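Take a look at the structure below.
The values are calculated or read from the model by the stated rules, or taken from the named source; none is laboratory data. Computed from a predicted structure; not experimentally measured. Using ideal geometry, Cβ is built from the backbone for each residue, glycine included, and neighbour counts are taken over all protein chains shown.
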Amino acid sequence: MSTFIHDTSSIPRDAKIGKNAVILAGVEIAEGVEIGHNVVIHDGTKLGRGTVVGDGAIIGKQPKPARTSSLSYSDPFEPLKVGEKCTIGAGAVIYAGSTIGDNTMIADLASVRESCKIGSFSLIGRGVCVENGVTIGDYTKVQSNAYITAYTILEDRVFIAPCVTTTNDNFMGRTEKRFKLIKGAHVKTGARVGGNSILLPGVIIGEEAFVAAGSVVTRDVPPKKLVMGVPARVVRDVPEEELLQE
């Protein structure tokens, strides 16, 4: 198999494209972009200047929910938009309907679903799953193997440690009532969530709060407080020297 580039796509002369890449209709690639081997870029996707796409990545695919899914899409989503100087890792999958800011990294084997907005200078680590309708701000780090459920909000300069789990459904798929109550966590600016912690549906983690590793957060966390335990409880203030500098 050889590289396929649809004749309606826009590819600059300095773009580097690997073997067996597939670039479909209406794709727009800016100057200095590098595309790895066996990459598939779906219709209309836009890649900003200097972005690098790793081997085997699938970029801009349209979602197709399972037959048993509560999601139902009648119209295709707008094409994926990726900003300048981004890095998309090997085997990453990013869906249509999402936008990614400048200088952001989506690491190897990560998945970003439809209707997500990810800011600039952020990191989505290896193997992270970002579900649909998630908003992630600037300079935010989501470390390896974290699960960011649908409708979660992570504001600017948030830190999510490895293997954190967020949830959005207290009924776990039972009853019609749940559809009105589904809501992900809201993690505010500068907050940090330690490894293997679990955030229950709709909890708010206040600005600069700190959730200790292994905690189960069942209620809102006040700003600048450290919580720990199962369920998580306030232990002390976050030290002044650990707060973000103005």
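Quick one: would you say Asp102 is surrounded by fewer than 22 Cβ atoms within 10 Å (Cβ to Cβ), touching a residue at least 40 places away in the same chain (Cβ under 8 Å) and in a loop (DSSP other than H, G, I, E, B)?
Numbers: surrounded by fewer than 22 Cβ atoms within 10 Å (Cβ to Cβ): yes; touching a residue at least 40 places away in the same chain (Cβ under 8 Å): yes; in a loop (DSSP other than H, G, I, E, B): yes.
Taking the combined requirement at face value, the residue satisfies it.
How about region 71-100: which of its residues are closer than 15 Å to Gly133 by Cβ and of a type in the set (Ser, Thr, Tyr)?
Listed by number, the residues that qualify are Ser72, Tyr73, Tyr95, Ser98, Thr99.
So which residues in region 149-191 are modelled with pLDDT of 95 or more and not in a loop (DSSP other than H, G, I, E, B), if there are any at all?
Ile153, Leu154, Phe159, Ile160, Thr165, Thr166, His186, Val187
Filter region 174-228 down to the residues that are hydroxyl-bearing (Ser, Thr, Tyr) and without any contact (Cβ under 8 Å) to a residue 24 or more places away in the chain and list them by number.
Once the filter is applied, which keeps residues that are hydroxyl-bearing (Ser, Thr, Tyr) and without any contact (Cβ under 8 Å) to a residue 24 or more places away in the chain, region 174-228 yields Thr175, Ser215, Thr218.
Report yes if some residue within region 207-214 is under 17 Å from Cys116 (Cα atoms), surrounded by 16 or more Cβ atoms within 10 Å (Cβ to Cβ) and either over 16 Å from the mean Cα position of the chain (by Cα) or of a type in the set (S, T, N, Q) (or both); otherwise report no.
Within region 207-214, not a single residue is under 17 Å from Cys116 (Cα atoms), surrounded by 16 or more Cβ atoms within 10 Å (Cβ to Cβ) and either over 16 Å from the mean Cα position of the chain (by Cα) or of a type in the set (S, T, N, Q) (or both).
Conditions (1) more than 19 Å from Thr87 (Cα to Cα); (2) touching a Lys or Arg at 6+ places or on another chain (Cβ under 7 Å), marked per residue:
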{"residue": "Val112", "(1), (2)": "no, no"}
{"residue": "Ser120", "(1), (2)": "no, no"}
{"residue": "Val128", "(1), (2)": "no, no"}
{"residue": "Glu131", "(1), (2)": "yes, yes"}
{"residue": "Asp138", "(1), (2)": "no, no"}
{"residue": "Val142", "(1), (2)": "no, no"}
{"residue": "Tyr147", "(1), (2)": "yes, no"}
{"residue": "Ala150", "(1), (2)": "yes, no"}
{"residue": "Leu154", "(1), (2)": "yes, no"}
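Out of Asp108, Asp102, Asp55, Asp43, which single residue is at negative phi, in contact with a His (Cβ under 6 Å, 6 or more places away or on another chain) and not assigned by TED's automatic domain parsing to the domain that holds Asn168?
Only one candidate passes the filter, namely Asp55.
Would you mention how many residues in region 59-99 are in a strand (DSSP E or B) and within 29 Å of Gly173 (Cβ to Cβ)?
So the count comes out to 4.
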